[in-house]
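The values are calculated or read from the model by the stated rules, or taken from the named source; none is laboratory data. Not measured: the values here are computed from a predicted model. When we count neighbours, we look across all protein chains shown, and the Cβ atoms used for this are built from the backbone with ideal geometry, even at glycine. Only protein heavy atoms, including side chains, enter the accessible area calculation; ligands, DNA and RNA are left aside. Shrake-Rupley method; radii C 1.70, N 1.55, O 1.52, S 1.80 Å.
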Amino acid sequence: NGAQYKIGLGAPNTSDTSKCAAFYPWDCWMRPIPSGPDASRPTRILGKGWDAGCSNPPQFWGTERVTQVLNLRGSNNVEIRCLEVTDHSACLDMGPGSCNRSSAPYGPWSPVGIVASDSTNVLLENVNIHGMAYKGIYAGRLRDWTLQNTQIVANSFVGWDGDIGTGTSSNSGTMMFDHVKILYNGCGETYPGKQPYNCYSQDQGGYGDGIGTQSTSGNWYFLNSDISHNVSDGLDLLYHDGNGSVTIKRSKFEGNAGNQVKTHSDTIIENSIIIGNCSYFNGK
């Protein structure tokens, strides 16, 4: 429980210098997670304690500017349960307190927690993605993804960036967010204190959405979730193309510095709290 596993240069099995060279270590990332044969037989990555409350999950942490910690490009039928995804630096890739990009060694940071594309039937349960130097999740062309009891917190540029290319990012099927916390994105995170700091807005070259997408389809559900205190919009589905719907139930949106909720298609909002305290970050 609570074991730490380095991802990037210097981790086990990173001796291939065609990918893991000290002067371009950002390519030193793992292969995509192999797909399970079908929905009933998924590939499963289970942190110790996954079946007992996940009180102290193992940690995958990115180092030496490795492009991402977890790679789900083309990964179908996958379950990831009970895992912490982060790095070991307080630096921000694009904002104040910026990371070292000029020369090796670059330090114990990584820009992105999870990258995914062309990926179907994925479950993230009890996964905590926090403190990444750029983006928590960078993902598009997904179908039937579920996030449950999962957190996307204090990733310095954006929480979930769904824009992987104009006209080529659309999602489909059911996109389910159940008991999810998406908080303080657009802020850095102190290390090891895990406190949000150095928040920066779009006026300062930032982005700061909790969730933002390109043009997308799909049926999006947000149940029992908290999307608050992000530096721009909380939930931005303004570019939903109408092929599907948005359902928000028993959820909270508070103190996002842009809009709390943006939608464009058929939308149900029920038994939810929406507090447009847009000035929350004044003085912070």
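Couple of notes before you dig in:
- Which numbered condition residue 284 misses (of (1) open to solvent by 20 Å² or more (accessible area, probe 1.4 Å); (2) in a strand (DSSP E or B); (3) of a type in the set (D, E, K, R)): (2)
- Within the stretch 239-264, the set of residues being in contact with a His (Cβ under 6 Å, 6 or more places away or on another chain), farther than 18 Å from residue 184 by Cα and open to solvent by less than 20 Å² (accessible area, probe 1.4 Å) comprises just one member, 240.
- Check on residue 40, hydroxyl-bearing (Ser, Thr, Tyr), open to solvent by 30 Å² or more (accessible area, probe 1.4 Å) and either within 17 Å of the chain's Cα centre (by Cα) or at pLDDT 95 or above (or both): yes
- Taking the numbered list (1) part of a strand (DSSP E or B); (2) over 14 Å from residue 107 (Cα atoms) in turn, residue 30 passes all entries but (1).
- Restricting the stretch 43-71 to residues that are outside any strand (DSSP E or B), closer than 24 Å to residue 137 by Cβ and among the charged types (D, E, K, R) leaves a set whose member that is nearest to the chain's Cα centre (by Cα) is 65.
- Any strands (runs of 3 or more DSSP E) falling wholly within the stretch 106-168 and containing at least 3 residues that are among the hydrophobic types (A, V, I, L, M, F, W, C) and farther than 15 Å from residue 94 by Cα: 112-130, 135-148
- Any hit, the stretch 96-105, residues being within 25 Å of residue 180 (Cβ to Cβ) and of a type in the set (Gly, Ala, Ser): no
- Only one entry in 127, 112, 122 is over 24 Å from residue 193 (Cβ atoms) and open to solvent by less than 20 Å² (accessible area, probe 1.4 Å), namely 122.
- For the stretch 229-255, filtering for residues that are of a type in the set (Lys, Arg) and part of a loop (DSSP other than H, G, I, E, B) leaves 1.
- Every residue from the stretch 90-105 that is touching a Cys at 6+ places or on another chain (Cβ under 8 Å) and either surrounded by fewer than 24 Cβ atoms within 10 Å (Cβ to Cβ) or free of Cβ contacts under 8 Å to residues at least 40 places away in the same chain (or both): 91, 93, 97, 98, 99, 100
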